[in-house]
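Everything on this sheet refers to the single structure shown next.
The values are calculated or read from the model by the stated rules, or taken from the named source; none is laboratory data. What you are looking at is a predicted structure, and each value in this text was computed from that prediction instead of being measured. For neighbour counting, all protein chains shown are included, and Cβ atoms are generated from backbone atoms with ideal geometry for every residue, glycine included. Just so you know, the surface numbers come from the protein's heavy atoms only, side chains and all, with ligands and any DNA or RNA stripped out. Shrake-Rupley method; radii C 1.70, N 1.55, O 1.52, S 1.80 Å.
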Amino acid sequence: MSSVLGIIASSMKGVSGAYESIATVTASGGQTSLTFSSIPSTYKHLEIRGIARDTLTIDGGVGVKIQFNGDTGSNYVRHNLRGDGGNAVAGANTGFDNIAFVGGSIGDSSTSNAFGASIISIVDYASTSKNKTVRGFSGSEANTSSANFYVVLNSGLWLNTAAITSITLIAGQASYAAGSTFALYGIKG
Amino acid sequence: MPTTYEPIATQTLGSAALSITLSSIPSTYTDVKLVFTGTTSSAEYLGMQFNSDTGANYANRSLYGNGSSAGSFQALNTNYIYLSGIPSTSTTIPFLLEIDLLSYAGSKFKTALIRLSLDKNGSGGVERLVGLWSSTSAINSIKLLIGSNGSATFSTGSTATLYGIKNA
C-alpha cells in the first residue's frame, strides 16, 4: 500500500513542472524561416505548437519544413499519411534536406484569416547516441471543397546523433505571413 | 522557466446530458486542450461549437481507419465541427477525444486538431480531424454535442477536462 502511494506522490510531483515553455518565435511577415536556438539539453523531449500561413499565392495547404542544428544536407527522411477530404494518401521521401510537416500552413490565396496548425514532438532530442525521430500532427482547413487542404500525420528522422541545439522552421513555399507563430516547450523525463 | 500546462476546469456528468459546455474560458493561455472520455446513449457522431455560435460557420476534414480501410471526408459550412465522422460512439465502451485549439484567443480563424480513439472490441476505429471555426473571436466557451440524434445523451460519468498551455 505505502509503495503505491509513493509512486502516486512521485508522479504528481513530476507533473507539476514537467512541461515548460522554452521560447516563442513569431513572424512579422516575410520571414523565410524562424529559428529556435540555444535549446537547453535539460529536457527529455520537445514539443512545438504553432499556426502558420504562407505568402505564396496559392489556394491550399502547404508545409512547414524543419531542420536541426543548421544541417542543410540530405540527412532527413520523412513519411506522411494525409486525408484531403476525399481520400487517404501516403507519401515518403529519403535523402531530403528537411522534414516537411505537410498541411501545417496555408497559402495566401486561401480564405482570409485561416491558418494551418501543427503539433510536433521531438523525442529524446538531447541524446548523443541516437538518430532523432520526430512526430507531427498538422492540419489546414479553409472551408472549401478543394482537395488541396489536409489533415496529416507526419513522421521524420534526422540521421544524426548530435544533440539538437537549434531548430529552424522554414516556410513551406515562400515566406511566413504575419501572425505565424510557433512555441517550443520542454518535457522533462 | 514558467510551468505552463495546467488544468482549467473539469466537468463530470452526474446525470445524462444532451451536451457538455465549458464556459468562461480565460484568454490568458496560448492554446487550450480538451480531453474527453465517455459513452453515449446510442451509437452517434459528435460535434463541437464555440461561443454559442450555431451558424454554418464550421468546416472539417478527417483521416480515419476502421480496421479494414483508411479514408477521408470533409464537411463544409456546417453548424459544428465534427469530432467523429466514421467511427460512431459506443453505449458501453468509452471513447477518448483530445482536442487542441491553437491560438484560441487570437484574432485569426480558429483551427482545431482533433484525435479520436474509439476501439469497440471488434469494431470502431481511429480518426484524426482538422476543424475550422470561421470567426476571429476569442473562444470563451466550448460545447460538446451529439450531432446525429436530438435525443441522444452523453452518459453519466462522462468527463471533460480543459487544460491551458501558455508560451514564454
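Quick check on this structure: which one of A:95, A:86, A:73 is away from chain B (no Cβ under 14 Å), assigned to a loop (DSSP other than H, G, I, E, B), open to solvent by 10 Å² or more (accessible area, probe 1.4 Å) and of a type outside the set (Val, Ile, Thr)? Step through it out loud before you land on a result.
On the way: A:95 fails: assigned to a loop (DSSP other than H, G, I, E, B); A:86 fails: away from chain B (no Cβ under 14 Å).
None of the others qualify; the one that does is A:73.
Mind listing whichever residues of region A:154-172 are within 21 Å of residue A:61 (Cα to Cα) and crowded, with 18+ Cβ neighbours inside 10 Å?
Filtering region A:154-172 for residues within 21 Å of residue A:61 (Cα to Cα) gives A:154-156, A:168-172.
Scanning region A:154-172 gives A:154, A:156, A:168, A:169, A:170, A:171, A:172.
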Study note, to complete from the structure: By residue number, the members of region B:42-79 that are away from every other protein chain (no Cβ under 14 Å), in contact with a Gly (Cβ under 9 Å, 6 or more places away or on another chain) and open to solvent by less than 50 Å² (accessible area, probe 1.4 Å) are B:44, B:46, B:47
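Hey, which of the strands (runs of 3 or more DSSP E) in region B:24-143, taking only ones fully inside, have at least 3 residues that are under 15 Å from the mean Cα position of the chain (by Cα)?
Working: elements: B:31-38, B:46-50, B:58-65, B:74-78, B:95-102, B:110-119, B:124-133.
Ranges flagged: B:31-38, B:46-50, B:58-65, B:95-102, B:110-119, B:124-133.
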Exercise for review: Please go through region B:8-34 and pick out each residue that is under 26 Å from residue B:107 (Cβ atoms), open to solvent by less than 40 Å² (accessible area, probe 1.4 Å) and β-branched (Val, Ile, Thr).
Suggested key: B:25, B:30, B:32
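Might you check whether a residue that is more than 25 Å from residue B:71 (Cα to Cα) and open to solvent by 10 Å² or more (accessible area, probe 1.4 Å) occurs anywhere in region A:134-153? Lay out the reasoning, then the answer.
Taking region A:134-153 as the starting set, the residues that turn out to be more than 25 Å from residue B:71 (Cα to Cα) are none.
Scanning region A:134-153, I find no residue that is more than 25 Å from residue B:71 (Cα to Cα) and open to solvent by 10 Å² or more (accessible area, probe 1.4 Å), so the answer is no.
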Revision key, fill the gap. Conditions (1) surrounded by 19 or more Cβ atoms within 10 Å (Cβ to Cβ); (2) more than 14 Å from the chain's Cα centre (by Cα); (3) closer than 19 Å to residue B:21 by Cα -> residue B:157 fails only (1)
Revision key, fill the gap. Selection from region A:30-58 of residues modelled with pLDDT of 95 or more, of a type in the set (Val, Ile, Thr) and open to solvent by less than 70 Å² (accessible area, probe 1.4 Å) yields A:35, A:39, A:48, A:51, A:55
Practice item. Please tell me if residue B:151 is open to solvent by less than 20 Å² (accessible area, probe 1.4 Å) and part of a loop (DSSP other than H, G, I, E, B). Key: no
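Here are some residues: A:51, A:66. Which one is within 14 Å of chain B (Cβ to nearest Cβ), among the hydrophobic types (A, V, I, L, M, F, W, C) and under 15 Å from the mean Cα position of the chain (by Cα)? Break it down stepwise before answering.
Values: A:66 fails: within 14 Å of chain B (Cβ to nearest Cβ).
Answer to the selection: A:51.
Residues in region B:115-123: is at least one free of Cβ contacts under 8 Å to residues at least 24 places away in the same chain and not hydroxyl-bearing (Ser, Thr, Tyr)?
The first filter runs over region B:115-123 and keeps only residues free of Cβ contacts under 8 Å to residues at least 24 places away in the same chain, leaving B:115, B:117, B:122.
Cutting the leftovers down to not hydroxyl-bearing (Ser, Thr, Tyr) gives us B:115, B:122.
Looking through region B:115-123, at least one residue is free of Cβ contacts under 8 Å to residues at least 24 places away in the same chain and not hydroxyl-bearing (Ser, Thr, Tyr).
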